[in-house]
Every structure is written in structure tokens, then in C-alpha cells.
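The values are calculated or read from the model by the stated rules, or taken from the named source; none is laboratory data. Computed from a prediction, not measured in an experiment: that's the story for all the values here. Here Cβ is always computed from backbone atoms with ideal geometry, including for glycine, and neighbour counts include all displayed protein chains. SASA here: full protein model, heavy atoms, side chains in, ligands and nucleic acids out. Shrake-Rupley method; radii C 1.70, N 1.55, O 1.52, S 1.80 Å.
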Amino acid sequence: IFVLCIVVIGLGMRTIIRNSNFYNDITLFSHDLQVIPNNSVLENSLGVAYLFDNDLNAAKVHLERSIYLDKLSQGWKNLGIVYAKLGDQKKAKQYLQRSVELSDYGKYKLAYINLAKIYLLSNSPKEAKQVSEQGLITFPKESALWLTLAAAEYKLGNQSAALVNTQKAKTFDKNINVSDFIKELNQK
């Protein structure tokens, strides 16, 4: 019983110490990178934490480091998002395209979604359609891909195809309001 009490007290103390590292994601991942340096996953996680904190320059540094440490890192996708937020559509497309290429391993459905959205925002609906269709091969139940495909079809003048794809998205996500989506497309 005495040994068990010592173990429980020791584990409790370790929990208290670990909780002090977890003020927020940035402090946690920064601390863990000091303990485990050169870790691609931790660099990516810290980059994403900075991205959510809207510190895009710090996010960029850690996401680039993640890619440097692991060429298959999710940092490609996240760095594409950073560049999109910075307004550099060319670099955003470049990084998201690389992420889509890595998606052949079945990892990154968000890479397809974000790249299709970048193409839609830069008025390239053909490319958005192509990326959405490519993503749907791997992720056929992803409602966001069906919606980007619908938006691309709509911008290409294929309203009936857009409606069919929007309805398909609704089959996988009941919260999608088709009429609101169509109104939103008409406003763009």
C-alpha cells in the first residue's frame, strides 16, 4: 500500500507539472519541441497553433521546418493555407498542389478542398472542378468536395450539374441548405 501511494503521488506530481506546460497549444508544443527537437509532427502542430492564433509569420517558420524535417508532412497543406491568408495565391496553389500530390497516399482531404477553393477564388473554375473530381475519387462522401464541384460547375454555366452536386453534398451532410448555397453563389 505504501509503494502504491508513492506511485500515485508521483504520477499526480507529474500530471501537475505537465498541466503547467499546457497553458495553450503554443506553450505545449513549444515546450515539447525543447524536449523532442527536430520533430516534424510537433513543428506542424506548433505551426497550426500559430495559424489559429493568426500569427502567420510564426506559423510559416514552423510549417517550413516541418516540411524540411519530413517531405511527406502535412505542413504542405497548412503552409498553403498560410499563404492563402497572406494573399499570395500563387504560393498557396503551389503548396496545396504539393499536398494534393501527397494525398495519393490517402491522407489529406483538406488539401483537395482548399486547393479547389483557391481555384474558385482566383476565378479558375475548370481547375477547381478538376481538383474536386480528383478528390472525390479518394473521398467520395466528402460533402465539401461536392460543394466545391457544384460551385465550379455553376461558374462554368452548368447550373443543372451544380444542383445535382449540391444535392449529393446534402446526402452526406444533412445540415447543408441548398437554397442558401445557391443564393451565395449568385452573390459572387
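Candidates in the stretch 170-188 are the residues that are open to solvent by less than 40 Å² (accessible area, probe 1.4 Å) and closer than 18 Å to Pro125 by Cα; of these, the one that is modelled with the lowest pLDDT is Leu185. Filtering the stretch 53-78 to residues that are at pLDDT 95 or above and under 13 Å from the mean Cα position of the chain (by Cα) leaves only Leu63. Within the stretch 140-157, the set of residues being more than 15 Å from Glu127 (Cα to Cα) and open to solvent by less than 60 Å² (accessible area, probe 1.4 Å) comprises Glu142, Ser143, Ala144. For the stretch 125-139, the set of residues classified as surrounded by fewer than 17 Cβ atoms within 10 Å (Cβ to Cβ) and not polar (S, T, N, Q) consists of Lys126, Glu133, Ile137, listed by residue number.
Of all positions in the stretch 32-43, none carries a residue that is of a type in the set (S, T, N, Q), touching a Phe, Trp or Tyr at 6+ places or on another chain (Cβ under 9 Å) and closer than 18 Å to Tyr83 by Cβ. For Asn114, the requirement of being assigned to a helix (DSSP H, G or I) and surrounded by 14 or more Cβ atoms within 10 Å (Cβ to Cβ) is met.
Output yes when any residue across the stretch 137-144 is farther than 27 Å from Ser99 by Cα and among the β-branched types (Val, Ile, Thr), and no when none is. Give the derivation first.
Here is the first cut: in the stretch 137-144, the ones farther than 27 Å from Ser99 by Cα are none.
No, the conditions are met nowhere in the stretch 137-144.
State yes or no: is Leu11 in contact with a Phe, Trp or Tyr (Cβ under 9 Å, 6 or more places away or on another chain) and surrounded by fewer than 21 Cβ atoms within 10 Å (Cβ to Cβ)? Here the answer is no, as Leu11 does not meet what is asked.
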